[in-house]
Amino acid sequence: LASIGAGRVISNLVRVGKEVESLQVRFKFLFGTAEEGTKAFDNLADFAAKVPFSLEEIAAASGNLAVVSKDANDLSRILEITGNVAAVTGLDFLTTASQIQRAFSGGIAAADIFREKGLRAVLGFSEGAKVSIDETQKKFEEIFGKGGKLGNVTKDLAQTFEGTLSMIGDKFLNFQMAINESFFAELKKQ
């Protein structure tokens, strides 16, 4: 039993190491430099530590959001908006990120699931109205961004039991990442 337990621990460390390394490489290329990619990853981890969504969910969705972000700081802003939208709509983080990416690159009309959830009305757009990409992004920022009417929904949701469990899981994942700094590097070298 001890051998099986040790095997699972090592297997999980390797899995986490692979995922983190892969995400860091993707960010490096999406944001142009290793420094900006590292900053984006650090911002993502900080965001995950404060919200009721797991780091794994956020990391899986980050590719969609990175393509509509100018830099690491912009990604942080969009992560916050995405978290608030996910909390309000009840959608999972990955689906919400996909819809945010569509809305930010093609306008609110491109985000079909948001239409079904009534988000167009929440943003103040009337049915059938032509809305530009810039108008869509400004409305999301105004309503779901810092200081917006629905800008603190993830903070409130983080205080729930579900949010607490998610943050405990993220702390454990951060612990695994800390161990991986030396373990995974040595494993790759071997």
In the range 1-144, taking the dipole from +1 charges on Lys and Arg beta carbons and -1 charges on Asp and Glu beta carbons about the Cα centre, the listed residue (32, 88, 73) farthest towards the positive end is 88
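From the cross-link list 28/130; 70/130; 28/189; 18/138, which pairs have alpha carbons spaced over 27 Å apart?
On the way: 28/130 36 Å; 70/130 25 Å; 28/189 22 Å; 18/138 36 Å.
Cα-Cα > 27 Å for 28/130; 18/138; rest within.
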For the range 39-45, in residue order, the Karplus 3J(HN,Hα) values (coefficients 6.51, -1.76, 1.60; θ = phi - 60°; whole Hz; Gly and Pro = x) are 4, 4, 5, 4, 4, 5, 5
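Set the Förster radius R0 to 35 Å, insert the Cβ-Cβ distance between residue 34 and residue 11 as r into 1/(1 + (r/R0)^6), and round the FRET efficiency to 0.05.
Working: r = 28 Å, r/R0 = 0.80.
The calculated FRET efficiency here is 0.80.
Between residue 126 and residue 95, how high is the FRET efficiency from 1/(1 + (r/R0)^6) when r is the Cβ-Cβ distance and R₀ = 22 Å? Nearest 0.05.
On the way: r = 25 Å, r/R0 = 1.12.
In this case the efficiency is close to 0.35.
Just subtract the alpha-carbon distance of residue 60 and residue 135 from 0.36 nm times their residue separation and send over the number in nm, one decimal. Write down the numbers at each step before the final one.
Details: separation 75, 0.36 × 75 = 27.00 nm, distance 2.70 nm.
Length difference between fully extended and current span is 24.3 nm.
What number, in percent, do you get for the relative contact order of the range 104-149 if the mean sequence gap of Cα pairs under 8 Å and at least 6 apart is divided by its residue count? Numbers along the way, then the final one.
Numbers: 30 pairs, mean separation 18.1, N = 46.
RCO, the range 104-149: 39 percent.
Each reported figure results from applying straightforward, stated rules to the coordinates on display, with no laboratory input. Here the structure is a predicted model, which means the values were calculated and not measured. Neighbour counts are summed over all protein chains in view; Cβ atoms, including those assigned to glycine, are modelled from backbone coordinates with ideal geometry.
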